[in-house]
Amino acid sequence: MERLKRLNIYFKEMYPIVPRLGLGVMIFLEIYFIVLLNHGVGKDALLSFHPVEGQSAIYSFFVQHDILGMLICSFTVFSFLLWLRIADDFKDYELDKRLFSFRPLPSGRVTKTDLRIFATILISFTLLMNFLFMKNFIFCFILYTYGSLMAVWFFQKHKIAKSLPLALVTHNPVQILLNLYVISYTIIKYKLPILDITNFMAVLTLYFPALIWEISRKIRAPEEETEYVTYSKLFGYKKCVRFVFILTWVDICTNFVLVWRLSRLSVFLLFLNALWCSYCFYDYAKSPGRYRIVSKVERYTYIQESLMILTIVGYLIFGRI
């Protein structure tokens, strides 16, 4: 019971379960439907089913559309991101004791043993569900293998831990593997083409926001810098802001490609959101001390992903707008 109480403290402060579970579902649904709709899988194919004699219509629908697989895929996204959060806390433990001693793990309010036990149960359950019920288990295995290598710094901690750019290059591509996990499930389920522009863009559409956020959270004004290594400390905050500005427009272009045939209105709204974020980058470059740029990036990302979800819902209900 005491262990559960400590874990509850950790989740509340470091990884709120309900919002993050919702995020996992949102990531899955966005990639899933974007791939399907851009491959011409319409509302009829998504809703039709053949009643099974002796079974209810709901049961028939759930089985024929593999709702269990969709739930497992969504949970796997949530589970993997939670495990990465725990692994990061283990990797940064000594640094956090000096700079972020108020956090649950370095403060002792949750122990390493608590997190090890929980992570073991979480990973075992996730892998077991994928092995038993998912046809794309190999992609889940690859994802968790890469994540495991990340957790031990690819056995090169003495090199990677000292280099923020090297850590980014080796760790950030895990988002691509997570996207591939979802896309592989979608392709196998509906027997879609494997190599085409839609799948390529879908791989990128959630990779760039993760990359932009990862860099932005380590951009600080000169007076805010500490011994904690940031990109702005290495390269200067102006260069970093210019870099994420470029990435933002590359990212929005991938969204344009995926959304164009679904909703011209969404393309316009996504464009306005990118313009607003670009102004924030410009404003921050002039006066970096007034706010953290990551706060604006997070707002931009939530608006962007919400627009993508609304585009899918709108297309399914009204068709192209």
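If a/c stays under 1.5 just call it rounded; otherwise compare a/b with b/c (prolate if a/b is bigger, oblate if not). Do that for the stretch 151-247, with a ≥ b ≥ c from the square roots of the Cα gyration tensor eigenvalues.
oblate
With every protein chain kept in the model, how would you rank ARG98, ARG103, ARG264, ARG220 by accessible area, 1.4 Å probe, largest at the top?
From most accessible down to least: ARG98, ARG264, ARG103, ARG220.
Which pairs in the list LYS112/LYS296; LYS159/LYS238; LYS233/LYS286 are over 24 Å apart, alpha-carbon to alpha-carbon?
LYS112/LYS296; LYS159/LYS238
Under a crude label model (7 Å from the Cα following the beta-carbon direction), how far is ASP88 from TYR59 in nanometres?
Label at ASP88, label at TYR59, 4.4 nm between them.
What are the GluC sites (Glu not before Pro) within the stretch 206-255 that DSSP puts in a loop, where the Cβ has at most 13 other Cβ atoms within 10 Å?
Those satisfying the criteria are GLU225, GLU227.
Take the alpha carbon gyration tensor of the stretch 213-276, find the square roots of its eigenvalues, order them as a ≥ b ≥ c, and report rounded if a/c is under 1.5; if not, report prolate when a/b exceeds b/c, else oblate.
On the way: a/c = 3.79, a/b = 3.32, b/c = 1.14.
Taking the square roots of the gyration eigenvalues as a ≥ b ≥ c, the stretch 213-276 is prolate.
Around TYR284, under 10 Å between beta carbons, what's the net of Lys plus Arg minus Asp minus Glu among the other residues? Before the final figure, lay out each step's value.
Details: positive: LYS238, LYS286, ARG290, ARG292, LYS296; negative: ASP283.
So the environment of TYR284 carries a net charge of +4.
Excluding ALA151 itself, calculate the net charge of residues whose Cβ lies under 14 Å from the Cβ of ALA151, where each Lys or Arg counts +1 and each Asp or Glu counts -1.
Combined, the nearby Lys, Arg, Asp and Glu give +2.
Of the listed values [x] 27, 41, 16, 9, 5, 1, 0; [y] 28, 57, 15, 0; [z] 26, 49, 24, 1, identify the label whose number matches P(r) over Cα pairs in 20 Å bins from 0, in percent calculated from this model.
Recomputing P(r) over Cα pairs in 20 Å bins from 0, in percent here gives the entry labelled [y].
Round to a whole number: what % of the accessible area of the chain belongs to carbon and sulfur, probe 1.4 Å?
69 percent
Does the stretch 238-321 come out rounded, prolate or oblate, given a ≥ b ≥ c as the square roots of the eigenvalues of its C-alpha gyration tensor, rounded meaning a/c under 1.5 and, failing that, prolate meaning a/b above b/c? Numbers along the way, then the final one.
Values: a/c = 3.30, a/b = 2.38, b/c = 1.38.
In terms of gyration-tensor shape, prolate.
Enumerate the aspartates and glutamates that LYS43 could reach by cross-link, defined here as Cα to Cα under 18 Å, with residues fewer than 8 away along the same chain left out.
The qualifying aspartates and glutamates are GLU30, ASP66.
With each run of n ≥ 4 DSSP H residues scored as -39500 (n - 2.57), what mean residue ellipticity at 222 nm is computed for the chain after dividing by its residue count and rounding to the nearest 500 deg cm²/dmol?
Using -39500 (n - 2.57) per qualifying helix, the result is -24500 deg cm²/dmol.
Using a 1.4 angstrom probe, figure out how much accessible area the chain has per residue, in square angstrom, rounded to the nearest whole.
Per-residue accessible area for the chain comes out at 51 Å².
With every protein chain present, what accessible area does TYR282 have (1.4 Å probe, heavy atoms only), rounded to the nearest 10 Å²?
Ignoring ligands and nucleic acids, TYR282 comes out at about 130 Å².
Hey, what do the phi angles of the stretch 184-197 turn into as Karplus ³J(HN,Hα) couplings, whole Hz, using 6.51/-1.76/1.60 and θ = phi - 60°, x for Gly and Pro?
Result, rounded to whole Hz: 4, 4, 5, 5, 5, 5, 10, 6, 8, x, 8, 10, 7, 5.
Arrange the peptides 66-74, 195-203, 116-124 so that the one whose residues have, on average, the most other Cβ atoms within 10 Å appears first.
66-74, 195-203, 116-124
Relative contact order of the stretch 1-194, please, whole-number percent, based on alpha carbon pairs below 8 angstrom and at least 6 residues apart.
27 percent
The values are calculated or read from the model by the stated rules, or taken from the named source; none is laboratory data. In this text the structure is predicted, and so the values were computed from the model without any measurement. Cβ sites come from the backbone with ideal geometry, for glycine too, and all protein chains shown count toward neighbours. These accessible areas exclude ligands, DNA and RNA; they are computed on the full protein's heavy atoms, side chains included. Shrake-Rupley method; radii C 1.70, N 1.55, O 1.52, S 1.80 Å.
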